[in-house]
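Step one of this worksheet: look at the structure below.
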Amino acid sequence: MIRLLFVCLGNICRSPLAEGLVIHHAKQQGILDRLEIDSAGTGAWHIGNPPDSRSIAVAEKHGVDISGQKARKIKQDDFDLYDYLFAMDKSNLADLRSLSPDEHHGKIRLFTHYGEGQKDQEVPDPYYDDGFDDVYAMIDHAAEQLVLHLKETHFGDGYT
Ligand code: 4NP
């Protein structure tokens, strides 16, 4: 079992899309039963809330349902429990690094780390400028590339 946590600021716009799209691609690649997936925010403003209606809408447009998610804040246990913590931007990355015990720093990276053509780019915060279509496309690509990477490196080519 590989445990993956996707982290942004509010846990209502970007990381819910990352969670939903990694689940979607993992299902397509037949590895969903090998993964445990969640998302969290570094901020506490939206705890308990569903994703932003614009994230729900853009996912729904592509046939992905993220409406059942609930926002939560990152907690210390997450650094022990999860194998990888993926930050959406460099500010989330810095926050995670400062919260993390030193021995778990190696688990933290940018979400786009494995994305061909987008390596280590930031997923911009769409909350105030409404760039949900662009953010969706970026997250979809990064999610697919991450799933392919995990499949290749952890589960072998023959795994179906
Ligand atoms: P997210 O977007 O980090 O992608 O969930 C944001 C959502 C809410 C706020 C900021 C960013 N906020 O300031 O409330």
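Find me the longest stretch of the chain that has none of the exposed trypsin sites (Lys or Arg not before Pro), where exposed means in a DSSP loop (not H, G, I, E or B) with at most 12 other Cβ atoms within 10 Å. It would help to have the intermediate numbers written out before the result.
Numbers: sites that count: LYS75, LYS119.
The reported range is 1-74.
Measuring with a 1.4 Å probe in the full set of protein chains, what accessible area per residue, in whole Å², belongs to segment 2-155?
On the way: 7120 Å² over 154 residues.
Result: 46 Å² per residue.
Need one number: % antiparallel among DSSP beta bridges in the chain, to the nearest 5.
Beta bridges within the chain, antiparallel portion: roughly 0 percent.
Hey, any idea what % of segment 2-155's accessible area is carbon plus sulfur with a 1.4 Å probe?
Within segment 2-155, the accessible surface is 48 percent carbon and sulfur.
For HIS62 and ARG97, what is the calculated FRET efficiency with R₀ set at 41 Å and r taken between the beta-carbons, to the nearest 0.05? Walk me through the numbers on the way to the answer.
Numbers: r = 32 Å, r/R0 = 0.78.
The pair HIS62/ARG97 has a calculated efficiency of 0.80.
Let me check against my output: what whole-number percent is the relative contact order of the chain, with C-alpha pairs under 8 Å and at least 6 apart?
Details: 294 pairs, mean separation 45.0, N = 160.
Relative contact order, the chain: 28 percent.
What is the dipole size for segment 2-155, taken about its Cα centre, with +1 at each Lys and Arg Cβ and -1 at each Asp and Glu Cβ, in debye to the nearest 20?
Using only the charged Cβ atoms, the result is roughly 240 debye.
Return the calculated 222 nm mean residue ellipticity for the chain, to the nearest 500 deg cm²/dmol, obtained by summing -39500 (n - 2.57) across DSSP H runs with n ≥ 4 and dividing by the residue count.
-11500 deg cm²/dmol
The values are calculated or read from the model by the stated rules, or taken from the named source; none is laboratory data. Just so we're clear, the structure is a prediction, and the values are computed from it rather than from any experiment. In this analysis, Cβ positions are derived from the backbone assuming ideal geometry, glycine residues included, and neighbour counts consider all displayed protein chains. Surface areas here come from the heavy atoms of the whole protein model, side chains and all, with no ligands, DNA or RNA. Shrake-Rupley method; radii C 1.70, N 1.55, O 1.52, S 1.80 Å.
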